[in-house]
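Asks: Handing you this structure, nothing more for now.
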Amino acid sequence: MADAVGIFPIPEPVRAHMLGRSFRDDPRCPPFEALRLVRVLHVSFEGATQQGELIVHESLAEQVRVIFGELHALAFPIASMKRIDHWDADDERSMAANNSSAFNFRVIQGTDTLSRHALGRAVDINPMQNPWLRGERVDPEAGRAYLDRAHVRAGMIVANGPVVAAFKQRGWSWGGDDPSDPDYHHFAK
């Protein structure tokens, strides 16, 4: 199964790696049975086909598989797609590595409110090319080079582009639509 592309129940070795990282002993955390491992192909910035992994809620797994299949067919480049557990579930470290990820049981930074990522209902793509702007703060900091959203470069997600269309036609919201706090890499449902 390690080389298979598709949707899978969370295998034991992956569960073990998630424990204490993206998966927490908290009654609000979805059980492993409610989550799925989605393995998809994506194109790297160098043009190579690579396999990526995302953990999402079981009810969204098929949509995520199809969306990333469409992005692969379009050769939309994705820098990295590894489970956030490879960064000990540290969102800032994952963003700094330009990693695309999904499930991570955590609160919205600076609040006590659960993030949609905590429920397996959010996906982040290419944070460097698609930063999150909060006043003067840019996450990740290297995303500052991509603040000019009119200067579209590889891996950028733009309002009328295929990435936003692929998610929105399935009822997902895009963080880039929030003019006061745009989060260009974030999709949620």
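Asks: In deg cm²/dmol, rounded to 500, what helix-only [θ] at 222 nm does the chain give when every DSSP H run of at least 4 residues adds -39500 (n - 2.57) and the total is split over its residues? Numbers along the way, then the final one.
Replies: Numbers: 4 runs with 33 residues, N = 189.
Only helices count here, giving -4500 deg cm²/dmol.
Asks: So how much slack lies between E33 and E92, counting 0.36 nm per residue of separation and subtracting their Cα-Cα distance, in nm?
Replies: On the way: separation 59, 0.36 × 59 = 21.24 nm, distance 2.73 nm.
The E33-E92 span can extend by a further 18.5 nm.
Asks: Tally the DSSP beta bridges in the chain and give the antiparallel ones as a percent, rounded to 5.
Replies: Values: 24 of 27 bridges.
Of all bridge pairs located within the chain, approximately 90 percent are antiparallel.
Asks: Given a 1.4 Å probe and every protein chain left where it sits, what share in percent of the accessible area of the chain is carbon and sulfur?
Replies: Values: 4560 of 8610 Å².
It is 53 percent, rounded to a whole number.
Asks: Through the Karplus equation 6.51 cos²θ - 1.76 cosθ + 1.60, θ set to phi - 60°, convert the phi angles of segment 77-82 into ³J(HN,Hα) values in whole Hz; use x for Gly and Pro.
Replies: 3J(HN,Hα) across segment 77-82, in whole Hz: x, 10, 5, 7, 9, 10.
Asks: Can you compute the modelled spin-label distance between R153 and L114, with each label point 7 Å from Cα toward Cβ, in nm?
Replies: In this crude label model, R153 to L114 measures out at 3.8 nm.
Asks: To continue, here is another question. Report the residue, chosen from H42, H17, H72, that carries the largest GNM mean-square fluctuation when the chain is represented by alpha-carbon nodes joined by springs under 10 Å.
Replies: H17
Asks: Still on this model: What is the distance in Å between the Cα centres of segment 84-119 and segment 46-60?
Replies: 16
Asks: Work from the charge dipole of segment 42-189 (Cβ charges, +1 for Lys and Arg, -1 for Asp and Glu, about the Cα centre) and give the residue of L119, G135, I108 farthest towards its positive end.
Replies: Selected residue: L119.
Asks: Once amide H atoms are built 1.01 Å from N in the peptide plane, which residues 5 or more positions from R134, or in another chain, come under 5 Å H to H?
Replies: Counting only residues 5 or more places away or on other chains, the set is D139.
Asks: What is the gain in length, in nm to one decimal, between R137 and A75 on full extension, counting 0.36 nm per residue of separation less the C-alpha to C-alpha distance?
Replies: On the way: separation 62, 0.36 × 62 = 22.32 nm, distance 3.07 nm.
Gain in length upon complete extension: 19.3 nm.
Asks: Order these peptides, 153-159, 59-65, 96-102, by their mean beta-carbon neighbour count within 10 angstrom, highest first. Mind dumping the intermediate values first?
Replies: Details: 153-159: 15.9, 59-65: 18.7, 96-102: 23.3.
Descending mean neighbour count gives 96-102, 59-65, 153-159.
Asks: Considering only the other residues whose Cβ falls under 10 Å of the Cβ of V64, what net charge follows from Lys and Arg at +1 and Asp and Glu at -1?
Replies: Working: positive: R36, R65, R170, K189; negative: E62.
It works out to a net charge of +3.
Asks: Would you mind getting the accessible area per residue of segment 29-70, heavy atoms of the protein chains only, 1.4 Å probe, in Å²?
Replies: Numbers: 1590 Å² over 42 residues.
Spelled out: the 1.4 Å probe surface of segment 29-70, per residue, equals 38 Å².
Asks: What full-extension length gain, to one decimal in nm, is calculated for E46 and D178 as 0.36 nm per residue of separation minus the Cα-Cα distance? Please report the intermediate quantities before stating the final value.
Replies: Details: separation 132, 0.36 × 132 = 47.52 nm, distance 3.11 nm.
So the chain would gain 44.4 nm between E46 and D178.
Asks: Using Rg/Rh (Cα atoms, Kirkwood Rh) as the read-out, say which of (1) 1.05; (2) 1.00; (3) 0.94 was calculated from these coordinates.
Replies: Here the calculated entry is (3).
The values are calculated or read from the model by the stated rules, or taken from the named source; none is laboratory data. On a predicted model such as this, the values are computed, not experimentally measured, just so you know. Positions of Cβ are generated from backbone atoms using ideal geometry, with glycine treated the same way; all protein chains shown enter the neighbour counts. Heads up: the accessible areas ignore ligands, DNA and RNA and are worked out on the full protein's heavy atoms, side chains in. Shrake-Rupley method; radii C 1.70, N 1.55, O 1.52, S 1.80 Å.
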